[in-house]
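Chemist: One structure is given below, represented as structure tokens, and several questions about it will come after.
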Amino acid sequence: MAGCSATDFTEADFIEAGFTEADFPEAEVSRGDLTTDATPGADPSTAADGPSELATGTARAPLTSPTSIATPVPTAIALPTQVPDATATPTAIPPPTSFPPTPVPPSASAAAEDTIYVAIGGSGNGASAETALGSITQGLGLLEPGMTLVIDAGMYSENVMGRSLARGTPSRPIRVQTSGRVVVEGLVRIDDADYWDISGLNVTWPASGNSDDHLVKLTGGTGWTFRDAEVWGAKSFAGVLVAGAASHYTLRGLYVHDTASTNGRNQDHLIYVNSTSGPGLVERNLLVGSPNGRAVKVGGAALADVVSDVVIDRNTMVDNLGPSNIQVSGATSSVTISNNIMVRPDQGRNAITAFKLTGTNIVASGNVVWQAAGVSDPEVVDLGGNVQLNPEFGPGFVPGAAAAKGAGYRAP
């Protein structure tokens with residue numbers, strides 16, 4: 001992807017932006033002194049913006065038998081208007097059985113000197129699978145433009161700290177791949193990863209996590225992709241956070257689920273985008289189970305922060321009760337919400353909500369909504385094709401209804 005270079009951040013920059021970086025890996029505080037009438041330390045765009053009673057989502061076990069999914073370029077769809085039966089019994093939704101996709105094996109044609117290897121128990125220099133490193137963090141630090149990190153299967157109990165990384169280029173990207181199912185039990189921090197492609201890096205909450213942490217935090221950088229992974233069990237403000245001045249970034253093929261109710265009301269999200277740059281793309285993700293947050297929240301750390309140029313396309317979102325599947329807030333502008341399936345926000349709420357929105361050009365089209373008060377709050381411009389109908393989910397949250405097949409993470 002083409003784009004401008006990312007901005008370097010220092011500790012002073014984070015403090016000026018209202019953040020306090022604590023000592024990693026023990027904890028990371030991501031909210032500073034924000035002017036709000038909410039609880040001290042709370043995010044102003046999530047305070048007191050929904051009903052006080054929150055339903056609890058059903059726990060879902062991590063998946064172990066993933067299969068691949070296709071990711072074609074999104075195209076517009078037009079769905080017939082259909083109003084749901086207000087007396088209908090809530091749809092029983094089975095857990096997914098085919099997500100995340102199987103990691104793509106590293107290319108056999110890659111030159112040996114361009115590949116670094118990591119494996120459980122490794123103690124070598126990383127130059128070969130037989131002399132693998134034992135730490136993902138160490139492997140990240142050795143990568144240069146055009147290189148690939150190959151992580152062998154297993155559970156890695158470490159906080160992955162991708163700080164001071166080399167920057168790739170459009171012609172020489174840096175890749176992180178897995179060989180078999182890899183799970184990180186710990187926090188993941190990736191900073192200024194220009195033209196990095198990170199795939200198959202599954203992440204779950206560590207026993208030592210702090211509620212001020214984000215499970216996966218991607219700060220700054222341009223042209224990067226985080227894809228084809230499962231992120232679950234966060235007990236914090238977000239499963240995945242995009243922060244800083246990230247631009248031309250992509251979140252694709254993720255299964256993010258079951259962020260626990262941990263912080264103040266409506267503050268524990270699956271994906272949270274508060275990057276003050278752009279553009280960004282959130283596409284073809286399965287986002288399930290945030291009883292105290294949104295599937296996707298787009299808004300600055302303070303209401304005056306401008307977050308813009310975000311496309312949220314072909315995602316499936318279910319049981320996100322704090323208070324909606326998608327919410328835009330504050331000065332957020334130029335957000336396109338298209339071709340998503342959104343089921344069961346909080347009772348009496350729309351699937352797409354706005355909180356103290358002063359930004360403009362928030363548009364929605366081609367979305368399928370079910371068991372919600374409506375498609376969106378009035379601040380969101382309806383461009384047509386948004387419908388309310390039962391998607392008739394089958395295994396893996398794949399819709400059975402013909403009118404819903406053009407939307408969601410498994411759309412053609």
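Chemist: Fully extended, how many nm does the chain gain between VAL363 and SER128 (0.36 nm per residue separation, minus their Cα-Cα distance)?
Modeler: On the way: separation 235, 0.36 × 235 = 84.60 nm, distance 4.93 nm.
Computed gain between VAL363 and SER128 is 79.7 nm.
Chemist: Which pairs break 21 Å Cα to Cα here: LYS297/LYS405; LYS217/LYS356; LYS235/LYS297?
Modeler: LYS297/LYS405; LYS217/LYS356
Chemist: Quick one: if the Förster radius is 41 Å, what FRET efficiency do SER171 and VAL381 give, using the C-beta to C-beta distance and rounding to 0.05?
Modeler: 0.60
No lab work stands behind these numbers, since they all come straight from the coordinates. Not measured: the values here are computed from a predicted model. Virtual Cβ from ideal backbone geometry, glycine too; neighbours counted across all protein chains shown.
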